[in-house]
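The values are calculated or read from the model by the stated rules, or taken from the named source; none is laboratory data. This one's a predicted model, so the numbers in the text were calculated from it and none came from an experiment. FYI the Cβ positions are ideal-geometry reconstructions off the backbone, even for glycines, and counts take in every protein chain you see. Ligands, DNA and RNA are stripped out before the accessible areas are found, and what is left, the full protein with its side chains, is counted by its heavy atoms. Shrake-Rupley method; radii C 1.70, N 1.55, O 1.52, S 1.80 Å.
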Amino acid sequence: QVQLVESGGGLVQPGGSLRLSCVASGSLFSAYVMAWYRQAPGKQRELVAKIFPIGSTDYADSVKARFTISRDTSKKTMYLQMNSLKPEDTARYYCNQRRGNGDYWGQGTQVTVSS
């Protein structure tokens, strides 16, 4: 059974930074596409960034040049470094792993950007 546990969210002022972490259980951590999604109140869940098994990455236009996705295979951990945060980045952030038998999700971590 795959479990994903996010951490690192919190309250930050506009322009500030946070680093989210997602620790994964299960085998073959680096063999799957992993991603960060977010969902703001009243809005659909949206893709923020993803990292492919070969290490390439992709970002939503709204976060390009501000967010960086990475992973540490030895720790089975994925990260999202978020810089220059804006109020519109406020959302619950979810870790996702896509395996052959479906998508796995964490419980999410709340990020609030406010002065």
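From 81, 97, 13, grab the single residue that is exposed (fewer than 12 other Cβ atoms within 10 Å of the Cβ) and either out of contact with any helix residue (DSSP H, G or I) (no Cβ under 6 Å at 6 or more places or on another chain) or closer than 17 Å to residue 109 by Cβ (or both).
Within the list 81, 97, 13, the selection yields 13.
From 62, 21, 84, which residue is without any contact (Cβ under 8 Å) to a residue 40 or more places away in the chain and either assigned to a strand (DSSP E or B) or of a type in the set (Ser, Thr, Tyr) (or both)?
62
Checking residue 110 against (1) in a strand (DSSP E or B); (2) open to solvent by less than 60 Å² (accessible area, probe 1.4 Å): exactly one of these is not met. Which one?
(2)
Take residue 73 and tell me if it is modelled with pLDDT of 95 or more, at negative phi and open to solvent by 30 Å² or more (accessible area, probe 1.4 Å).
In short, no.
Take the residues in the stretch 16-49 that are out of contact with any Leu (no Cβ under 7 Å at 6 or more places or on another chain) and among the aromatic types (Phe, Trp, Tyr), then tell me which one is least open to solvent (accessible area, probe 1.4 Å).
Once the filter is applied, the top-ranked residue is 29.
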